[in-house]
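Please read the structure below before turning to the comments.
The values are calculated or read from the model by the stated rules, or taken from the named source; none is laboratory data. Predicted model, so just to flag it, every value in this text is computed and none were measured. In this analysis, Cβ positions are derived from the backbone assuming ideal geometry, glycine residues included, and neighbour counts consider all displayed protein chains. Please note that ligands, DNA and RNA were not included when accessible areas were found on the heavy atoms of the full protein model with its side chains. Shrake-Rupley method; radii C 1.70, N 1.55, O 1.52, S 1.80 Å.
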Amino acid sequence: MRKAISGICLSMVAVAGCSADESSAAPAASSPPPASSADAAKLRAALLPAPAGMRISYGPELGAFGSLKSTQQGLAAVRQAKLERPECAGAAQLDAAKPDVAKAPGAVIAFAAERGSITQAVVRLPSASFPAPLPEQCMAYTADVGGSKISYKTKALSMPTKGDESRAYLTTASGADKNAQIGSVMIRRGTLVMSMLVVGKQVKPSGLYELADLADKSLAKVTG
């Protein structure tokens, strides 16, 4: 499943470079605070605590989003993959290849358990902006990941609106004799944007919505 999961993360430009899948990796050391101790504390407070039955596998890591070790790993992985539709790499996600996103203060954490992983990022953008919806051509395509052909099929989910804006998707990756699913959630409250990726053999929309609700409540506490 590792290749399939990695492939999903590549196609979504995973906020943490699929760090959650590398469950044996030691937590990353935090970078210097993004702008001030108060700013760093707000970003850290917006992250979820470890869900029941899961452990922290990465982070929390703080700093300019594009300079985070986890983000750099994700960008490097994207460069190594061959996507049928390269324009889909950063679609509907926090795309660290964009200068305004790369320079924005951010925080990343990842959780892991035998059943799957969760990666969450919170970024304070310079304005109240939100990634555009996933383009139609990115709903289904293929990619070569480490010599294996992986097929992706994504559908938009009807998640109840969170924050000022929100979206949720469910992607199924198949190939290399393995299948995996990833649920992705994006929520904006003011200039804070939260991105979450939930990876496993099967991701239930109901469980994804529950996590989204918890994440939105954390955002509300630091923006209210």
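Observations
- Length gained when the stretch A45-E136 is fully extended (0.36 nm per residue, less Cα-Cα span): 29.3 nm
- Extension gain, Q202 back to D164 (0.36 nm per residue minus Cα-Cα distance, nm): 10.8 nm
- Given K155/K221; K98/K217; K178/K221, the pairs whose alpha carbons are separated by over 32 Å: K178/K221
- F130 - accessible surface, heavy atoms, 1.4 Å probe, Å² rounded to 10: 40
- Å³ per residue enclosed by the Cα convex hull of the range 35-98: 130
- Within the accessible area of the range 86-224 (1.4 Å probe), percent carbon and sulfur: 50
- Of the peptides 214-221, 66-73, the order by per-residue mean of other Cβ atoms within 10 Å, starting with the highest, comes out as 66-73, 214-221.
- Cα centre as origin, Lys/Arg/Asp/Glu Cβ charges: the range 37-223 dipole, Debye: 220
- The base-10 log of I(q)/I(0) for the range 37-223, evaluated at q = 0.16, 0.19 Å⁻¹, reads -1.04, -1.52 [Debye formula, identical scatterers on Cα atoms, solvent excluded].
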